[in-house]
Amino acid sequence: MSRREHERLNSDRPVECRIDGRHFMAVLYNVSISGCMIEVPLNRVIDGDRVHLKDGNIRMSGVVVWHDERNAGLRFDQPLHEAVVRFLGYDPAKGEPLMPTDRFGRALPRLPRSDRFVSDNR
């Protein structure tokens, strides 16, 4: 029996990561409504760390529930909306991003560049 409550989608997105005031880049490897797996620089996280992730205007926070040298599993504080999960993930069978859709299945437009977050590399 699987321990996961929700389906995970593969991802391969760079995200900004903050733990106790330390900022660095991580890679979002998979994501679900309730959690995700990230790749981080060597030995940057431990179990119980509170992690804040940011991808453009999308912000996620959670707690490290497992880790090894370069990977960590997070349980989100608040569930993500399914559209956010679909936006962050992709279908590995097609190799294409899953675009968020409205309730009729129509693809939602991308945000204009002026509305996207620009990193100041802190």
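The values are calculated or read from the model by the stated rules, or taken from the named source; none is laboratory data. Everything numeric in this text was worked out from a predicted model, so none of it was measured. Positions of Cβ are generated from backbone atoms using ideal geometry, with glycine treated the same way; all protein chains shown enter the neighbour counts.
For the reader, a short list of remarks on this structure follows.
- Scanning segment 46-57 for any residue that is under 22 Å from Leu108 (Cα atoms) and either among the charged types (D, E, K, R) or free of Cβ contacts under 8 Å to residues at least 60 places away in the same chain (or both) turns up at least one such residue.
- Set side by side, the residues Val51, Val65 differ, and just one is modelled with pLDDT of 95 or more, of a type in the set (A, V, I, L, M) and surrounded by fewer than 19 Cβ atoms within 10 Å (Cβ to Cβ), which is Val65.
- Residues located in segment 2-47, provided they are among the small types (Gly, Ala, Ser) and either in a strand (DSSP E or B) or within 15 Å of Phe76 (Cβ to Cβ) (or both): Ser11, Ala26, Ser32, Ser34, Gly35
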